Amino acid sequence: MTAGADGGLPTAIEARGWGWRYATRLRWALRDISFRIEPGEHVLLLGASGSGKSTLLHALAGVLGGDDEGEHTGELTVAGAPASRARGAAGMVLQDPDTQAILARVGDDVAFGCENLGVPRSQIWPRVRAAMDAVGLDVPLDRSTSALSGGQKQRLALAGVLAMQPGVILLDEPTANLDPAGVVEVRDAVERALAATGATLVVVEHRLDVWLPLVDRVLVLGASASGEQGILADGTPDAVLRARGDELAAGGVWVPGIPPAFPPPPARRAGSTLLTAESLAVSRVRGTRVAGPVDLEVRAGEVLGIVGPNGAGKSTLGLTLAGLIPAESGRVAASARLSAGVPGDPIAWPSRALLTRIGTVFQDPEHQLLTTTVRAELEVGPRALALPAAEIAARVDELLERLRLAPLADANPYTLSGGEKRRLTVAAMLATRPRVLVLDEPTFGQDAATWAELVDIIARLRDGSDGDEGAAVVAITHDQTVLEALHARRFTVGGAGWR
């Protein structure tokens, strides 16, 4: 059993009447919560989107913010000390593999946390090697972090946490953006790490099956009868999920064996082709191809699901189809109907022309947030189109309601949960009513209820209205369930192509 960074063993966590309110919010993110997690316990933290799961994890990690970013009540302690001052006692792994690598080389990245904690140099590199062994990251210390797969990057982040020897490991949806193989890699790495260190574990995840074998307790956050976010359930996985499964599922929690609602299948066949890729090869850096050549069509009234392993070039292909990065070779051609008044290749279109023709939702929501309030974020596109004020207000109000964002209209987008940020970026894209939608992981971070609502919205856009052949949707995703629900035509990148 490995000691924590403060020299202690696996660590206790305790909340006593604790709550947090962001400075830009009237409503508390969490209020009056109390619990104790014993040293070495493995806890699965559940709740609907926006229930405060990530807020609690960030607070435990000591990175929630100071008094200028919000206010708190009660006490939250890690190893008996206030969580905000328990430096090194807890280590956290986040959702996005690409945002956590800090340094260019693997060994340096794993060592970074130890160096910040002032660990003696003679101890750092043995810790680095032991942490990499614990997570099964068998690559040279000088390997470029950018050359790792998504699953390897998450194991790299976990190794960086383990090298600091914290008493608590915090995981915030660590497999949300990974392919099935990467999910298993990370789960197995966590299991090995827990066996080696005996650390306390708190993991936030919407999809439960992969984590249930590793946890001995489930803690559920949600709105109480008073409307405040607090603890709804606390107990063993069996007691919570079996005894209260229907109740939790009705509140939006993903419960094994209770599937979300699917929209009806499309009532008609796909319509005209709006985009065509011909011998298309794609790259982020000129001269370094990541996928292709491929030939494919994007059709009105249809969902095209782009699938494949992490690192295969799916997102790059999506950005190229969307006219946001140039092709490495080959071409993307828009139909005459879609490109009326502009060149045939979307890369040559001005941004205003893209707004009503091709809308894009990036994999990381924070990469496209521009303003200081949710409402203002939804107004950006319509204002760029110079729409009348009344039309802008009508569109924005409708989207706020449809995507359950109305109570957050005046909130700062950066204080939203991951699932709320995703719904906001989808809503911002829909505000300009484009004909083609390119959606990169459109359902990540969603609870069962918001997942079903997003899928229903996409299905309605696909189907159109009377006399309208509907939008063309490109969905880049590891979520096979969403492709089944939308009756998507699949295209595999880094595999066998059409299927």
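The values are calculated or read from the model by the stated rules, or taken from the named source; none is laboratory data. Predicted, not measured: the structure shown is a model, and the values here were computed from it. Ideal geometry is used to build each Cβ from the backbone, glycine not excepted, and the neighbour counts take in all protein chains shown.
Points worth noting:
- Annotation: of all residues in the stretch 155-171 being β-branched (Val, Ile, Thr) and assigned to a strand (DSSP E or B), the one that is surrounded by the fewest Cβ atoms within 10 Å (Cβ to Cβ) is Ile169.
- Index of the failed condition, Gly17 passing every other in (1) at negative phi; (2) not in a helix (DSSP H, G or I): (1)
- Cβ pairs under 8 Å, 6+ apart, first in the stretch 250-275 and over 19 Å from Leu437 (Cα atoms), second part of a loop (DSSP other than H, G, I, E, B) and of a type in the set (A, V, I, L, M): Gly251/Ala48; Gly252/Ala48; Val253/Ala48; Trp254/Leu208; Val255/Leu208; Pro256/Leu208
- Cβ-Cβ under 6 Å pairs, at least 6 apart or on other chains, the stretch 421-434 side of a type in the set (Val, Ile, Thr), far side in a helix (DSSP H, G or I): Thr425/Pro365; Thr425/Gln368; Thr432/Leu355; Thr432/Thr356; Thr432/Gly381
- Hits in the stretch 403-457 (condition: small (Gly, Ala, Ser) and within 22 Å of Ala384 (Cβ to Cβ)): Ala409, Ala427, Ala428, Ala431
- Test: residue in the stretch 114-135 that is of a type in the set (Ser, Thr, Tyr), without any contact (Cβ under 8 Å) to a residue 60 or more places away in the chain and surrounded by 23 or more Cβ atoms within 10 Å (Cβ to Cβ): no
- Residues that are in a loop (DSSP other than H, G, I, E, B) and among the hydrophobic types (A, V, I, L, M, F, W, C) within the stretch 308-339 comprise Ala312, Ala322, Leu324, Ile325, Ala327, Ala336, Leu338, listed in sequence order.
- For the stretch 153-183, the set of residues classified as out of contact with any helix residue (DSSP H, G or I) (no Cβ under 6 Å at 6 or more places or on another chain) and either of a type in the set (D, E, K, R) or farther than 26 Å from Thr55 by Cα (or both) consists of Glu173, Asp179, Pro180, Ala181, listed by residue number.
Residues checked against (1) hydroxyl-bearing (Ser, Thr, Tyr); (2) touching an Asp or Glu at 6+ places or on another chain (Cβ under 6 Å); (3) outside the structural domain of Ala131 (by TED's automatic domain parsing):
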{"position": "Ala23", "(1), (2), (3)": "no, yes, no"}
{"position": "Glu69", "(1), (2), (3)": "no, no, no"}
{"position": "Thr73", "(1), (2), (3)": "yes, no, no"}
{"position": "Ala81", "(1), (2), (3)": "no, no, no"}
{"position": "Val93", "(1), (2), (3)": "no, no, no"}
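- All positions within the stretch 201-220 that are surrounded by 20 or more Cβ atoms within 10 Å (Cβ to Cβ) and of a type in the set (Asp, Glu): Glu205
- In the stretch 286-307, the residue that is surrounded by the most Cβ atoms within 10 Å (Cβ to Cβ) out of those that are assigned to a strand (DSSP E or B) and of a type in the set (Lys, Arg) is Arg299.
- Taking (1) at positive phi; (2) surrounded by fewer than 20 Cβ atoms within 10 Å (Cβ to Cβ); (3) at pLDDT below 90 in turn, Gly313 satisfies each apart from (2).
- Any hit, the stretch 278-288, residues being more than 30 Å from Ser54 (Cα to Cα), touching a Ser or Thr at 6+ places or on another chain (Cβ under 8 Å) and at pLDDT below 90: yes
- When the residues of the stretch 269-285 are filtered to those that are under 23 Å from Lys153 (Cβ atoms) and of a type in the set (A, V, I, L, M), the one that is surrounded by the fewest Cβ atoms within 10 Å (Cβ to Cβ) is Val285.
- Unique residue being touching a strand residue (DSSP E or B) at 6+ places or on another chain (Cβ under 6 Å), assigned by TED's automatic domain parsing to the domain that holds Leu461, touching a residue at least 40 places away in the same chain (Cβ under 8 Å) and within 30 Å of Gly418 (Cα to Cα) when the list is Gln368, Gln363: Gln363
- If you go through the stretch 116-127 and keep only what is under 14 Å from Gly91 (Cβ atoms) and part of a helix (DSSP H, G or I), you end up with Asn116, Leu117, Arg127.
- Output for the stretch 85-112, where each listed residue is outside any loop (DSSP other than H, G, I, E, B) and at pLDDT 90 or above: Arg105, Val106, Gly107, Asp108, Asp109, Val110, Ala111, Phe112
- When Leu219 is tested against (1) closer than 19 Å to Lys53 by Cα; (2) modelled with pLDDT under 90, only condition (2) is not met.
- Looking only at the stretch 316-341, and only at residues there that are touching a Lys or Arg at 6+ places or on another chain (Cβ under 8 Å) and among the β-branched types (Val, Ile, Thr), the one that is surrounded by the fewest Cβ atoms within 10 Å (Cβ to Cβ): Ile325
- Filter result (closer than 22 Å to Ala48 by Cα and surrounded by fewer than 23 Cβ atoms within 10 Å (Cβ to Cβ)) within the stretch 456-472: Asp456, Ile457
- Those helices (runs of 4 or more DSSP H) of the stretch 406-497 that lie entirely within it include none in which at least 2 residues are outside the structural domain of Pro382 (by TED's automatic domain parsing), modelled with pLDDT under 90 and on the phi < 0 side of the Ramachandran plot.
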